[in-house]
Ligand code: OGA
Ligand code: NI
């Protein structure tokens with residue numbers, strides 16, 4: 001009897017319209033198994049055995065950038081080391097108010113609690129549309145669906161937001177503005193750590209494009225069978241990620257995965273593909289993934305701080321020489337972004353396409 005019930009439950013779940021999102025699926029009825037669409041082949045599942053214990057990403061106290069000359073130099077060196085050894089670091093003492101962080105997490109949560117009809121007003125849109133809601137990564141092409149719903153919207157140079165919840169625009173406007181200031185400060189320090197002028201990255205990025213990406217990972221009855229977010233690197237320059245207290249982010253380090261524990265009021269920053277290009281590979285964008293769990297839904301809020309859509313991104317000439325041959329060909333950020341968002345994610349596959357042929 002129980003098996004029959006489970007079967008019919010699974011059939012119902014398999015017949016559901018998955019384009020509306022994972023939350024919509026769960027709201028439609030009791031789901032006690034993961035529908036086939038979300039079941040990953042065994043070798044792509046998030047085996048706990050691949051996750052090492054006792055390691056964590058570096059922590060950078062960025063108040064040092066406003067300190068004495070010696071503190072500034074030390075902080076820039078620590079940032080450079082974090083970028084080259086990990087490509088990921090946690091930022092503390094960033095000066096962004098805890099109340100603003102709390103409000104942002106609140107409005108993000110409220111957005112995902114809206115009805116599917118309301119959210120689908122922003123569904124099925126072009127990948128470069130300034131506001132879009134969706135599920136998985138690119139549900140039109142993904143073979144296996146990620147256990148994830150998302151909202152993406154442009155934040156800079158022009159703020160675009162959904163109309164609901166009513167206070168979303170005001171809170172997100174303030175939040176992403178503060179995050180952009182933080183990202184620019186980090187980019188200046190990172191430019192210096194590469195021996196470039198502090199304004200170098202900001203200048204090649206032109207006006208810049210900041211995209212907010214809100215991730216919602218509902219509770220999952222069989223988390224070991226699926227992925228919240230498949231392994232990928234991020235487009236753009238620097239991603240600044242805020243996660244709630246649930247946890248699920250893992251970063252590839254050497255040949256294993258390291259969990260990034262949630263720490264309230266801190267941000268996780270990572271080197272993204274266009275910083276790898278500008279640095280001519282000195283700093284590498286790093287693969288990361290999100291796993292889900294059976295107990296609690298999780299929210300994370302990423303801000304991709306990248307170049308303007310019409311900015312041509314290429315390795316800094318100062319970082320190309322006899323011992324450091326040119327590693328990437330140049331490409332307009334807008335073209336890269338369209339391609340990256342339109343294909344199923346496979347690790348760093350999109351950046352690999354820009355790699356120059358190896359010299360003998
Ligand atoms: C992303 C991302 C990870 C997470 O939004 O690009 O990698 O922990 N998110 O949600
Ligand atoms: Ni990411």
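Values in this text are rule-based calculations from the coordinates and carry no lab data. These numbers come from a predicted model, not from an experiment. Using ideal geometry, Cβ is built from the backbone for each residue, glycine included, and neighbour counts are taken over all protein chains shown.
List of remarks:
- Counting only residues that are closer than 21 Å to residue 168 by Cβ and out of contact with any strand residue (DSSP E or B) (no Cβ under 7 Å at 6 or more places or on another chain), region 129-156 holds 1 of them.
- For region 266-285, the candidate set comprises residues that are within 14 Å of ligand 2 (Cβ to nearest atom) and in contact with a strand residue (DSSP E or B) (Cβ under 6 Å, 6 or more places away or on another chain); within that set, the residue that is farthest from residue 250 (Cα to Cα) is 274.
- Evaluating residue 234 against the criteria (1) away from ligand 2 (no atom under 16 Å from the Cβ); (2) within 23 Å of residue 81 (Cβ to Cβ) leaves one unmet condition, (1).
- Of the residues making up region 205-222, those that are within 16 Å of ligand 1 (Cβ to nearest atom) and under 20 Å from the mean Cα position of the chain (by Cα) are 209, 210, 211, 212, 213, 214, 215, 216, 217, 218, 219.
- Taking the criterion of being more than 25 Å from residue 43 (Cβ to Cβ) and either in a strand (DSSP E or B) or within 11 Å of ligand 1 (Cβ to nearest atom) (or both), the residues of region 223-259 that qualify are 235, 236, 238, 239, 240, 241, 242, 243, 244, 246.
- Taking region 135-163 as the range and being within 16 Å of residue 299 (Cβ to Cβ) and part of a strand (DSSP E or B) as the test, the residues that pass are 135, 149, 150, 151, 152, 153.
Yes/no matrix, rows are residues, columns are (1) touching a helix residue (DSSP H, G or I) at 6+ places or on another chain (Cβ under 6 Å); (2) away from ligand 2 (no atom under 16 Å from the Cβ); (3) in contact (Cβ under 8 Å) with a residue 24 or more places away in the chain:
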position	(1), (2), (3)
131	no, yes, yes
137	no, no, yes
146	no, no, yes
152	no, no, yes
155	yes, yes, yes
161	yes, yes, yes
170	no, yes, no
173	no, yes, no
176	no, yes, yes
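- Within region 89-110, the set of residues being farther than 15 Å from residue 165 by Cα and in a helix (DSSP H, G or I) comprises 98, 99, 100, 101, 102.
- Among residues of region 297-307, those that are more than 16 Å from ligand 2 (Cβ to nearest atom) and touching a helix residue (DSSP H, G or I) at 6+ places or on another chain (Cβ under 7 Å), counted: 1
- Against the list (1) over 22 Å from the mean Cα position of the chain (by Cα); (2) over 21 Å from residue 63 (Cα atoms); (3) not in a loop (DSSP other than H, G, I, E, B), the condition residue 171 fails is (1).
- Single residue of region 258-316 satisfying the filter (on the phi > 0 side of the Ramachandran plot and surrounded by fewer than 21 Cβ atoms within 10 Å (Cβ to Cβ)) that is nearest to the chain's Cα centre (by Cα): 265
- When residue 166 is tested against the conditions (1) within 16 Å of ligand 1 (Cβ to nearest atom); (2) part of a loop (DSSP other than H, G, I, E, B), the lone failure is (1).
- If the condition is being within 23 Å of residue 57 (Cβ to Cβ) and away from ligand 2 (no atom under 11 Å from the Cβ), then region 208-227 contributes 210, 211, 212, 214, 217, 223, 227.
- Residue check for residue 239: out of contact with any helix residue (DSSP H, G or I) (no Cβ under 8 Å at 6 or more places or on another chain) and within 15 Å of ligand 2 (Cβ to nearest atom): yes
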